[in-house]
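Take a look at the structure set out below.
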2 protein chains.
Amino acid sequence: MSAPRTVAELGEFGLIERIARGLPSPPDGEIWSGDDAAVLPRPPGDLVVSTDVLVEDVDFSTSWASGADVGWKAVAANLSDLAAMGAFPWRAVATLALPSTTSIEFVDRVIEGIVAAASVHQLGLVGGDISRADKIVLGLTVLGLVEGPVVARSGAREGDGIYVTGRLGGARAGLDILRGASDVSEEHRDALVARQLRPTARVQEGGALRRAGATAMIDVSDGLIADLTHLLDASGLGCRLDPDLVPVDDGVPDPGYALYGGEDLELLFTMPPGREAAAESVGATRIGVSAREGRSLGDIAFEDLEGAGWDHLRGR
Amino acid sequence: MSAPRTVAELGEFGLIERIARGLPSPPDGEIWSGDDAAVLPRPPGDLVVSTDVLVEDVDFSTSWASGADVGWKAVAANLSDLAAMGAFPWRAVATLALPSTTSIEFVDRVIEGIVAAASVHQLGLVGGDISRADKIVLGLTVLGLVEGPVVARSGAREGDGIYVTGRLGGARAGLDILRGASDVSEEHRDALVARQLRPTARVQEGGALRRAGATAMIDVSDGLIADLTHLLDASGLGCRLDPDLVPVDDGVPDPGYALYGGEDLELLFTMPPGREAAAESVGATRIGVSAREGRSLGDIAFEDLEGAGWDHLRGR
């Protein structure tokens, strides 16, 4: 008999064993895979929990993302949610639903991507579940730790500065390139593709901003305007944004991508007046100020902006 | 404009808001839905984590399971995994991938089923994520609490009695009925269908058995023989099972269902000699004894048994 090539040939329990063999061993006193559930010690702080599901042909395509890209991005998206609360990664569980014809090689690469992204932040993958589906569905739940109050979306106050880490628009431009767009200069293509496939969650920045007194925070996953709207809704505030201050990734062909593109996994936050230095110390840019009412980007009210954030159920 | 009927008409954020409105409020100091991640206080004991994914047309069919049935069963299956470690339910997160044509009514019922099963055990649903897919995929991650050592699969010792709670085979017989089988007497049909659609995790029994000194434990999700094999593999032992002692649900048409059927969510465990009373106090039945080597059911060696447990990737 030749070596199994698809997950159906290997079988559920064979696949679970294969995955478990490739994972790091748990510290003393913890049980990771191989039992009914994972066992973790009493954590040293409060817990922060994030969960995400990525679906083939909705959130990624195997025509342009490798298994390792998919695994990496699932971890990064969850860690970005933790970072937006000011929490640090601790432990994670994953679920994988797969067509029975999926190659074992592909699954190996997904796990490799998860472990690679996790190990950057000392995140332990402690368990999971496998089932069958027509399309690949990867679910990830991450537990984070925080000592002291988190940074919620709702804490911004009138007059706080509005800041964003890094630059925006690159993830959307990278998606265009992966789908065949050619209007991006050669020198920026690799960096923009990496923004889409291998984003980095702003874990250290999120923790530092919590300690530095950020009043509200969210990660840019749906797009700057959409995510700022979530933050301002939760805080009951308006804003004045300066479009010329919004930092845009080099090579992004359409400046609208920085406003509506999403998936950049940068942190969008507010900081009281006088704390500018703390925001700048993590490389963040001031893009505006919160206001009692009215939301505008330069001269344009938010409700007159043409772009929209991504909606998973509508697909736009 | 008429009221939205499908999830695409309502949109991702509308659906999330609708779900959040129907959930209980968090206790002081916790953040459940509405932010980047949920925030939980430092738990009072060690953590036990279980995750499961249920896929339409693999794990359930909407032709015979309602949304509430699907939500209920996802919770029960996870709580059964916690129970098998001797842990008690605490908090949970859910992910739901849905066709854009799914009715809002169906989603309401899924959440209703999750909340109904959760509230029996004071389990709080603290967050989640939504995406689109061709088939319904429900993922659930449950956090449990345990004070003191868990009951692993690996702790059985030679000569320990082998026990199972309740009776077996009902979940598989219920599936037959839902698929149109007619060889079950009218008087048992409702109870057997409930075993398939609305199983109850043995949460109290699992906690009691942990305190009473059970040496190894697993829940019967793949089938008695398959799950006992997992337990004995982990413990490095054999067994002698008495087929006449295996408790079978009333009305089950095929006694093989009690051996291979799966999904009964009963607890299969080992207890040292002299502790029979503790096992019996939770209504468990002694079905055999663990042995240094060799595994047999009556006169038949396990390797000669014809049935097999469920394998998600092979679909048998």
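The values are calculated or read from the model by the stated rules, or taken from the named source; none is laboratory data. Every value quoted in this text rests on a predicted model; they were computed, and no experiment measured them. Neighbour counts are summed over all protein chains in view; Cβ atoms, including those assigned to glycine, are modelled from backbone coordinates with ideal geometry. These area figures cover heavy atoms from the full protein model, side chains too; ligands, DNA and RNA do not enter into them. Shrake-Rupley method; radii C 1.70, N 1.55, O 1.52, S 1.80 Å.
Here B:V49 meets the list (1) in a loop (DSSP other than H, G, I, E, B); (2) within 11 Å of chain A (Cβ to nearest Cβ) almost entirely, failing just condition (1).
For the stretch B:85-103, which positions are open to solvent by less than 10 Å² (accessible area, probe 1.4 Å) and either touching a helix residue (DSSP H, G or I) at 6+ places or on another chain (Cβ under 6 Å) or of a type in the set (K, R) (or both)? Matches in the stretch B:85-103: B:G86, B:L98.
What pairs can you find where one residue is in the stretch B:56-81 and more than 14 Å from chain A (Cβ to nearest Cβ), the other is acidic (D, E) and open to solvent by 10 Å² or more (accessible area, probe 1.4 Å), and their Cβ atoms are less than 7 Å apart, with a gap of 6+ or different chains? If the second residue must be acidic (D, E) and open to solvent by 10 Å² or more (accessible area, probe 1.4 Å), the pairs left are B:T62/B:E56; B:A68/B:E112; B:G71/B:E112.
Among the residues of the stretch B:92-132, the ones that are among the small types (G, A, S), at the interface with chain A (Cβ under 7 Å from one of its Cβ atoms) and more than 20 Å from A:L47 (Cβ to Cβ) come to 3 in all. With respect to the conditions (1) open to solvent by 10 Å² or more (accessible area, probe 1.4 Å); (2) more than 11 Å from chain B (Cβ to nearest Cβ); (3) among the aliphatic types (A, V, I, L, M), A:A152 lacks only one, and its number is (2). Scanning the stretch A:133-143 for residues that are within 7 Å of chain B (Cβ to nearest Cβ) and either without any contact (Cβ under 8 Å) to a residue 40 or more places away in the chain or crowded, with 23+ Cβ neighbours inside 10 Å (or both) yields A:A133, A:D134, A:V137, A:G139, A:T141.
Counting only residues that are over 27 Å from the mean Cα position of the chain (by Cα) and either of a type in the set (F, W, Y) or assigned to a loop (DSSP other than H, G, I, E, B) (or both), the stretch B:1-26 holds 7 of them. Which residue out of A:S66, A:S61 is surrounded by fewer than 22 Cβ atoms within 10 Å (Cβ to Cβ) and farther than 23 Å from A:R314 by Cα? Testing whether each residue is surrounded by fewer than 22 Cβ atoms within 10 Å (Cβ to Cβ) and farther than 23 Å from A:R314 by Cα leaves just A:S66.
Residue pairs whose Cβ atoms lie under 6 Å apart, separated by 6 or more positions or on different chains, with the first residue in the stretch A:176-197 and more than 12 Å from A:V252 (Cα to Cα) and the second assigned to a helix (DSSP H, G or I), are A:Q196/A:A171; A:Q196/A:G174; A:Q196/A:L175; A:L197/A:D69. Of the residues making up the stretch B:14-46, those that are surrounded by 15 or more Cβ atoms within 10 Å (Cβ to Cβ), within 7 Å of chain A (Cβ to nearest Cβ) and touching a strand residue (DSSP E or B) at 6+ places or on another chain (Cβ under 7 Å) number 10.
In this entry, A:G262 is excluded by the filter for residues that are modelled with pLDDT of 90 or more, exposed (fewer than 14 other Cβ atoms within 10 Å of the Cβ), on the phi > 0 side of the Ramachandran plot and of a type outside the set (S, T, Y). Would you call A:P243 open to solvent by 50 Å² or more (accessible area, probe 1.4 Å), at pLDDT below 95 and touching a strand residue (DSSP E or B) at 6+ places or on another chain (Cβ under 8 Å)? Considered against the rule, which asks whether it is open to solvent by 50 Å² or more (accessible area, probe 1.4 Å), at pLDDT below 95 and touching a strand residue (DSSP E or B) at 6+ places or on another chain (Cβ under 8 Å), A:P243 comes out as no.
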